[in-house]
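Right, one structure below, let's go through it.
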Amino acid sequence: MVNTVKILDYFTFYDKILIAGIVLFSLIIIFAPLGFMAENYDEDELIIVIKSGSKTVKRIPMVKTYEKTQLVEAAGPLGISIIEAEQGRVRLLEAPEEDPQKICEKTGWISEPGPVIICVPNQISIWIETSEGDLDGITW
Amino acid sequence: MELPGRWKKIIILIFLVVLILISSLYYNQVSKSDYYEVTTYFMNTVVQIKVEYRSEVKAELNQIINILKNQAEQFDRYQAFSLVSKINQAEGKKVEINKSLAEIILTTKQYYYLLNGSFDITIAPLLDLWGFGKDSRNTVPSQAEIRSVLELVNFEQVEITKENKKYFLKLAPGQKIDLGGIAKGFIVDQAVQLLEEAGYQHVFVNAGGNIKVSGKKIDGTSWQIGIRLPKGEQPLTSQPVLKLTRGAVATSGDYERYFEVDGKKYSHLINPKTGYPADELRSVTVYAEQALIADLLSTALFMLEPARAIEIVSKIEGVEVFIIGKDRFWKSNKFDYFSAKKRE
């Protein structure tokens, strides 16, 4: 104890601030990523993911769909698909004319993580996920 | 000998610098996005593959995806020149099949007997009758129509033989097979196997909700797979989440494909024994080592009484089930072992 006190005597006030800062910074670096892994399933953290092939066309925070209707154009091999998101839900509004069946238009609205709107011919997929670091996938 | 105070100060500062360096390395290890992910479309669904990044990953995954797409095409009865089309058009003649299909048929036949016929790949004529085939219109068939088609739904009439190291399959005249209930599972198994053989250690494959993982995530934690809860007036349970480092999970639900006539819902999950859609349950989720088995059982157990389904599962090693009914849910004994937590 005496030695500790003696050691501390050698540090100036600014040394102590610096040491505390380094320790704090190290702790943040260690624990911050683990914090991202914490589970929380909150409506405010839902994100609409729109993909064309492997490319993410847009990620829309669900909260934004309550502010105003979001219309997104996603280009695929057959043409442009139009996606509509409003009031906490999303659907494929319009598939390209060249899409023979337009199955994804018939899927209708989705509003929660799980179901996926899939347009195989035009390679567009739309789903809802929770915030980053949450689930890796949903079986449905 | 005691060190002078100044040296102690320097040693402590060096220690702190080392600490910060270690922290930085840890940060890179844990939080850097070290995955490579591909989303592709085949088997009428979206397929996601996620593995650890390495320089050749793009080329390797493209190659694997091409193999998988070719295999999947062979199992598609709507592809004019697929192996399954050839079998379905053979009208009672035997057709040579590849080893993969032979393995699928043999495994499926074992389960056909175990499940007392609640999963049957000769269901194709029934699916067509209800309009669940490709490009067809959903209709509610008459009892007479169902009875006449049910005669063709009988796996016991399917003959698989091996002659000179070659496999042959023979259906009864009029019979047709549909591998929709297992093809995704098989392809997911193939994907994981090919990725493992290529040396990947952190593998996640998702084909339309049929998910299989191999190895932990890069950060050393388990993959977390949520089970979709069917929409209902009142949630029966909080969302179960499976925590996996290996194995597969698949779900069959009445919300996947269905049509409505006069307010009654008819799902695509048709009981091969009765000829009518099963409508007692909302969803069945199965965990198994193989995605093929998870896929098959999730469909088959949907046809059964929950107590019977759980009894069957208890006899199969490494298989667990979570069943959601209209007003309650059931789970097998060890299901909670995989369950990470409950979420509201």
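Read-outs throughout are calculated quantities, based only on the coordinates presented, and are distinct from any laboratory measurement. Note that the structure is predicted; figures quoted are calculated from it, not measured. Neighbour counts run over all protein chains shown; Cβ positions are idealised from the backbone, glycine included.
Taking springs between alpha-carbon atoms closer than 10 angstrom, which of B:L171, B:L19, B:L304 fluctuates most in the Gaussian network model of chain B?
Judging by the Gaussian network model, the answer is B:L19.
How tilted is helix B:57-74 with respect to the longest principal axis of chain B? Cα atoms for both, answer in degrees (0 to 90, nearest 10).
The angle comes out at about 10 degrees.
Compute the long axis of helix B:183-197 from its Cα atoms, compare it with the longest principal axis of the Cα atoms of chain B, and write down the angle in degrees, 0 to 90, nearest 10.
Here the helix axis deviates by roughly 30 degrees.
For the protein assembly as shown, what does the equivalent ellipsoid look like in terms of its semi-axes, each the square root of 5 times an eigenvalue of the Cα gyration tensor, given largest first in whole Å? Display every interim value, and only then the final one.
Details: eigenvalues 494, 130, 101 Å².
Semi-axes, largest first: 50, 25, 22 Å.
Can you grab the distance from the C-alpha centre of segment A:66-140 to the C-alpha centre of segment B:146-190, Å, no decimals?
With segment A:66-140 and segment B:146-190 each reduced to a Cα centre, they are spaced 35 Å.
How many times 2.2 N^0.38 Å is the alpha carbon radius of gyration of segment B:212-344? Don't skip to the end; give the middle numbers.
On the way: Rg = 15.1 Å, N = 133, 2.2 N^0.38 = 14.1 Å.
Rounded to two decimals, the normalised Rg is 1.07.
Mind putting a number on the dipole of chain B about its Cα centre? Charges go on the C-beta only, +1 for Lys and Arg and -1 for Asp and Glu, and I need it in Debye to the nearest 20. Numbers along the way, then the final one.
On the way: 44 positive and 40 negative charges, 177 e Å.
With only Lys, Arg, Asp and Glu charged at Cβ, the dipole is about 860 debye.
Please build a GNM for chain B, connecting alpha carbons under 10 Å apart, and tell me which residue among B:S267, B:S55, B:S214 fluctuates the most.
Between B:S267, B:S55, B:S214, it is B:S55 that shows the largest mean-square fluctuation.
Placing unit charges on C-beta atoms (Lys and Arg positive, Asp and Glu negative, everything else neutral), compute the dipole magnitude of segment B:78-179 about its Cα centre in debye, rounded to 20. Intermediate results must be reported in sequence, preceding the final value.
Working: 13 positive and 12 negative charges, 73 e Å.
Dipole of segment B:78-179, to the nearest 20 debye: 360 debye.
Along each of its three principal axes, how wide is the spread of alpha-carbon positions in chain B, in whole angstrom units, largest first?
Sorted from largest, the Cα extents of chain B read 100, 52, 36 Å.
Give the whole-number value, in cubic angstrom per residue, of the convex hull volume spanned by the C-alpha atoms of segment B:59-110.
Values: hull volume 4.8 nm³, N = 52.
Each residue corresponds to 93 Å³ of Cα convex hull volume.
Given B:Y112, B:V203, A:G53, which one lies farthest toward the positive end of the charge dipole of the protein assembly as shown, if we put +1 on the Cβ of every Lys and Arg and -1 on the Cβ of every Asp and Glu?
My answer, from the dipole projection, is B:V203.
Please tell me which of these pairs span more than 29 angstrom C-alpha to C-alpha: A:K64/B:K231; A:K51/B:K184; B:K165/B:K212; A:K58/B:K69; B:K109/B:K212?
On the way: A:K64/B:K231 23 Å; A:K51/B:K184 21 Å; B:K165/B:K212 31 Å; A:K58/B:K69 27 Å; B:K109/B:K212 23 Å.
Correct reply: B:K165/B:K212.
Given +1 on the Cβ of Lys and Arg, -1 on the Cβ of Asp and Glu, and no further charges, what dipole in debye does the protein assembly as shown carry about its Cα centre, rounded to the nearest 20? Present the calculation step by step, with values, prior to reporting the outcome.
On the way: 56 positive and 61 negative charges, 181 e Å.
Magnitude of the dipole: close to 880 debye.
Once the Cβ-Cβ distance between A:T107 and A:E86 is put in as r, and R0 is 22 Å, what FRET efficiency do you end up with, to the nearest 0.05? Don't skip to the end; give the middle numbers.
On the way: r = 16 Å, r/R0 = 0.73.
In this case the efficiency is close to 0.85.
Could you grab the relative contact order for segment B:78-179? Cα pairs under 8 Å, six or more apart, rounded to a whole percent.
42 percent.
How big is the gap, in Å, between the Cα center of segment B:260-278 and the Cα center of segment B:63-77?
The distance from the Cα centre of segment B:260-278 to that of segment B:63-77 comes to 30 Å.
Relative to the longest principal axis of chain B, what angle (0 to 90°, nearest 10) does the C-alpha long axis of helix B:99-114 take?
For helix B:99-114, the angle is close to 70 degrees.
For the protein assembly as shown, what is the mean residue ellipticity at 222 nm derived from helices alone (per DSSP H run of n ≥ 4: -39500 (n - 2.57); sum divided by total residues; nearest 500 deg cm²/dmol)? Present the calculation step by step, with values, prior to reporting the outcome.
Details: 14 runs with 164 residues, N = 484.
Result for the protein assembly as shown: -10500 deg cm²/dmol, rounded to the nearest 500.
To two decimal places, what compactness ratio does segment B:60-204 give when its Cα radius of gyration is scaled by 2.2 N^0.38 Å? Intermediate values should be presented prior to the final figure.
Details: Rg = 16.6 Å, N = 145, 2.2 N^0.38 = 14.6 Å.
Compactness ratio reported: 1.14.
Using a Förster distance of 25 Å, how high is the FRET efficiency between B:L21 and A:Y14, based on the Cβ-Cβ distance and rounded to 0.05? Could the numbers behind the result be given before it?
Numbers: r = 22 Å, r/R0 = 0.89.
With R0 = 25 Å, the Cβ-Cβ based efficiency is 0.65.
Direction-averaged shadow area of the convex hull around the Cα atoms of segment B:276-322, nm²? Display every interim value, and only then the final one.
Working: hull surface 12.4 nm².
It is 3.1 nm².
According to a simple spin-label model (label point 7 Å from Cα along Cα-to-Cβ), what is the distance in nm between B:Y113 and B:E151?
A separation of 2.7 nm, rounded to one decimal place.
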